[in-house]
Structure formats: C-alpha cells, structure tokens
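One structure below.
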Amino acid sequence: MKLKDWLSKMGLGNMPKENLPDSSVLDLIRYLENCEVDCEQAFHMLDQYAEMEIRKEDAARLMPLVHQHLEMCSGCNDHYEALLDVLAKVRESSEA
Ligand SMILES: [Zn+2]
C-alpha cells in the first residue's frame, strides 16, 4: 500500500502532505510499527481517553496509541463514542 493511501485510510488524508517533512513521516511510520495497542489494551485506556476528551484536553495527542487504534478499529470506536455519550450526560447532570 502506498503511504498516501495508507494515511487517508488512517484518516490523515486531509493533511497537507507537501508541508509534511519527510522526517516526520518516517518518525510516524517507525512509531506506528513499534507501538501498537490491541483491542484489549485500548479498551482499558478508553475511559481515560474519553474523560480527557470530555475535559477538552487533547486526548489524541496525549494518548496517541489509543487514538490510532480508534482510527483503525470500528468496534472500539463505537464503544468509545458510546462511552463519550455517557460521560457527557453524566457531566451535564452534575453541572445542572
Ligand atoms: Zn479495537
């Protein structure tokens, strides 16, 4: 698979590729090759990730491995969105 296709599959297709220095692409690839979480690991970090998201912290940057997994795995992504929904409602009701 071409890197370009692969990036768009990862949801990074909108990135301005001409502004992306080669080194950062290489770093990204190296990083993705070396670190991957499976569904079980992602699942364990998902509530923490969702809470960051609720607090408007940059969850994707703080927990890139979880973010990466969610980009690739629709099962975990569904679970994450459900969790986010629950957390948002809890937060609403506690603020009211
Ligand atoms: Zn998964």
Exercise. Is there any pair linking a residue in the range 52-73 that is in contact (Cβ under 8 Å) with a residue 40 or more places away in the chain to one that is assigned to a helix (DSSP H, G or I) and surrounded by fewer than 16 Cβ atoms within 10 Å (Cβ to Cβ), with Cβ under 8 Å and at least six apart or on different chains, and which?
Worked result: Gln68/Leu32; Glu71/Asn77
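Kindly evaluate Asp38 against the criterion of being within 10 Å of the ligand (Cβ to nearest atom), out of contact with any strand residue (DSSP E or B) (no Cβ under 7 Å at 6 or more places or on another chain) and modelled with pLDDT under 95.
In short, yes.
The values are calculated or read from the model by the stated rules, or taken from the named source; none is laboratory data. Here the structure is a predicted model, which is why all the values come from computation and not from measurement. Please note: Cβ atoms are built from the backbone with ideal geometry, for glycine as well, and neighbour counts cover all protein chains shown.
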